[in-house]
Amino acid sequence: MRSYLIVLLMLFCYCFVFPQNNITISSITIKGNKITKEDVIFREITFAKNNSYSISDLQNRIEESKENLINLKLFNFVEIQHAINKNKVNIIIDLVERWYFWPYPILEVSERNFNSWWNEFKASNYSDLSRLNYGVYLNWENFRGRNEFIQIKLRKGFKEHYLIAYKIPYFNKKKTIGFKTRFQLFRRKKSFYKTQNNTLIYYTSNDAFSTKDYEFNTEILYRRGIHKTHKLKFNFFKTEIVDSIFILNADYLSNNSLSGSYTKLTYSFTNENRDYIKYPLHGYYLSLECSKHFSGTSPVNHYEVIGKAEKHIELKNRFFLGSSFKGRLASRINQPYFSQRGFGFSDYIRGYEYYVIDGQDFYLSKTILKYRLVEKTKFDIPYVKMKQFKTSHYSLYLGVFSDTGYIIDNQSSKNNNLSNSLLWGNGISLDYVTYYDKLLRIEFSVNHLGEKGVFLHFSNPF
């Protein structure tokens, strides 16, 4: 018994009497933030001046703080260096800011993905340019140096879009409460009004707009720490259609009218622990979203729950494994066509890019094994003098992926044989990642129908 007491006494002395294992931060210097306010940067770092940490703990905090700053999407490069002198440490945060004011012209294809547009363009003997959009876009990121965001969009063409949005990450002294609002209008002369054989069916109006969509969204966010965020969202949506669409699909609005509306109240929680949001290699992500729809002039009045879990790990040097699972449950079986979205839009299974699969409930699983062909490499662009653009980076990854999903459709499954059945898509991908969160994915996929294809994407598949 006495020997146990002696061991415990020695451990106590080691942990509390000999503090030389800890080092104290004596200074934190921030360099390169010509526009960004220091309080925005200090909000994301997990160490503080005059605090003491073990060497290993401090190294972990430095790495975590670097990831947090990168995920602000305000900087092209973030370096955090530290110099130890006895039991004191000086930390230098060196930043390369991005370019924040982006007025640029719009010339784009109006389609769910590049391959869907190319299929239509090829079918017209490369002559149909009607699905092009044009206009001007204004993004002002990091407005006033406080990570505020202003967005204005004026787009005409196949799918007109007018948008104004504003976001501030926090406005109180504790830097925990933020605000976001958005108003947008879509107008289309050519609009899809139903899904048949897993394909969108369009109606074209030569004179008037066939559909007009109005949407107002505002949300309050609460972010006490670094990784966890709570949001309360309010959304109002209204659509107007021409009588031809009503005749072709009476379930488009399900109200015997030419206009429909609803409101939605949503609570969401996210736990963001990925190293790089746009192309993660380490960490995890959790989200839960609970919504209540309230009918306006259209019977959209159901509950909805959406959950997602995502995990990324490094198996071995240069080998990475990523996996995600997402599911949606809705309380109402029958929903108007305009208010529901299944697979084929923001959620999709690779290998089914040409299809739209309607439904009310679904699950979607994605897994990829990646090998880093080229490490993240910095290089200077010749003849470019502006610091925001002069130094770029790129990396290259080869991947093998497998997606599975199942969508439950209780309304139109007779016309769409891909719903209510197990779907899977496998293939290989080549991913090119560069600065300003730009990503190009070239994928070869095969689905359960035996169809093969090469597809282009410009975003993270998760």
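In region 419-441, is there at least one residue being modelled with pLDDT of 95 or more, of a type in the set (A, V, I, L, M) and not in a strand (DSSP E or B)?
yes
Considering only region 407-445, state which residues are within 15 Å of Tyr348 (Cβ to Cβ) and hydrophobic (A, V, I, L, M, F, W, C).
Residues satisfying the conditions are Ile407, Leu418, Leu423, Trp424.
So which residues in region 36-57 are within 14 Å of Leu74 (Cα to Cα) and assigned to a loop (DSSP other than H, G, I, E, B), if there are any at all?
Residues satisfying the conditions are Thr36, Lys37, Arg43, Glu44.
Out of everything in region 264-288 that is aliphatic (A, V, I, L, M) and touching a residue at least 24 places away in the same chain (Cβ under 8 Å), what residue ends up being least open to solvent (accessible area, probe 1.4 Å)? Steps first, please.
Just the residues of region 264-288 that are aliphatic (A, V, I, L, M), to begin with: 265, 277, 281, 286, 288.
Going one step further and asking which of them are touching a residue at least 24 places away in the same chain (Cβ under 8 Å), we end up with 265, 277, 281, 286.
Details: Leu265: 80, Ile277: 48, Leu281: 18, Leu286: 75 Å².
Going through the qualifying residues, I end up with Leu281.
Could you please tell me which pairs satisfy a Cβ distance under 6 Å, a separation of 6+ or placement on different chains, a first residue in region 19-41 that is at positive phi, and a second residue that is not small (Gly, Ala, Ser) and not in a helix (DSSP H, G or I)?
So the pair list comes out as Gly32/Asp94; Gly32/Leu95; Gly32/Val96.
Within region 183-225, how many residues turn out to be open to solvent by 30 Å² or more (accessible area, probe 1.4 Å), among the aliphatic types (A, V, I, L, M) and at pLDDT below 95?
Number of matching residues: 2.
Could you tell me whether any residue of region 49-68 is open to solvent by less than 20 Å² (accessible area, probe 1.4 Å), at pLDDT below 95, small (Gly, Ala, Ser) and out of contact with any helix residue (DSSP H, G or I) (no Cβ under 9 Å at 6 or more places or on another chain)?
Within region 49-68, not a single residue is open to solvent by less than 20 Å² (accessible area, probe 1.4 Å), at pLDDT below 95, small (Gly, Ala, Ser) and out of contact with any helix residue (DSSP H, G or I) (no Cβ under 9 Å at 6 or more places or on another chain).
Conditions tested, residue by residue: (1) touching a Lys or Arg at 6+ places or on another chain (Cβ under 7 Å); (2) open to solvent by 40 Å² or more (accessible area, probe 1.4 Å).
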| residue | (1), (2) |
| --- | --- |
| Ser421 | no, no |
| Ser429 | yes, no |
| Val433 | no, no |
| Tyr436 | yes, no |
| Asn447 | no, no |
| Lys452 | no, yes |
| Asn460 | yes, no |
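Just to be sure I understand the filter: pairs with C-beta atoms under 9 Å, separated by 6 or more residues or on different chains, first member in region 42-64 and closer than 14 Å to Ser27 by Cβ, second member part of a helix (DSSP H, G or I) and polar (S, T, N, Q). Which pairs pass?
Once the first residue is closer than 14 Å to Ser27 by Cβ and sits in region 42-64, its partners that are part of a helix (DSSP H, G or I) and polar (S, T, N, Q) give Ile45/Ser65; Ile45/Asn68; Phe47/Ser65.
Quick check on Gly157: is it small (Gly, Ala, Ser), open to solvent by less than 60 Å² (accessible area, probe 1.4 Å) and either under 20 Å from Ile41 (Cα atoms) or over 25 Å from the mean Cα position of the chain (by Cα) (or both)? Walk me through how you get there before you give the answer.
Working: small (Gly, Ala, Ser): yes; open to solvent by less than 60 Å² (accessible area, probe 1.4 Å): yes; either under 20 Å from Ile41 (Cα atoms) or over 25 Å from the mean Cα position of the chain (by Cα) (or both): yes.
Here the answer is yes, as Gly157 does meet what is asked.
Among the numbered criteria (1) crowded, with 17+ Cβ neighbours inside 10 Å; (2) farther than 23 Å from Ile357 by Cβ; (3) modelled with pLDDT of 95 or more, which single criterion is violated by Phe237?
For Phe237, the exception is condition (2).
Within region 218-234, identify whether any single residue is over 29 Å from the mean Cα position of the chain (by Cα) and assigned to a strand (DSSP E or B), and answer yes or no. It would help to see each step written out before you state the result.
Step one: of region 218-234, the residues over 29 Å from the mean Cα position of the chain (by Cα) are none.
Within region 218-234 (the criterion being over 29 Å from the mean Cα position of the chain (by Cα) and assigned to a strand (DSSP E or B)), the answer is no, since none of the residues qualifies.
Please enumerate the residues belonging to region 69-82 that are in a helix (DSSP H, G or I) and touching a helix residue (DSSP H, G or I) at 6+ places or on another chain (Cβ under 8 Å).
Across region 69-82, the qualifying residue is only Leu69.
Provide a single number: the residues in region 241-263 that are under 29 Å from the mean Cα position of the chain (by Cα) and open to solvent by 30 Å² or more (accessible area, probe 1.4 Å).
Qualifying residue count for the region: 1.
The values are calculated or read from the model by the stated rules, or taken from the named source; none is laboratory data. Here the structure is a predicted model, which means the values were calculated and not measured. Cβ: placed from backbone, ideal geometry, glycine included. Neighbour counts: every protein chain shown. These accessible areas exclude ligands, DNA and RNA; they are computed on the full protein's heavy atoms, side chains included. Shrake-Rupley method; radii C 1.70, N 1.55, O 1.52, S 1.80 Å.
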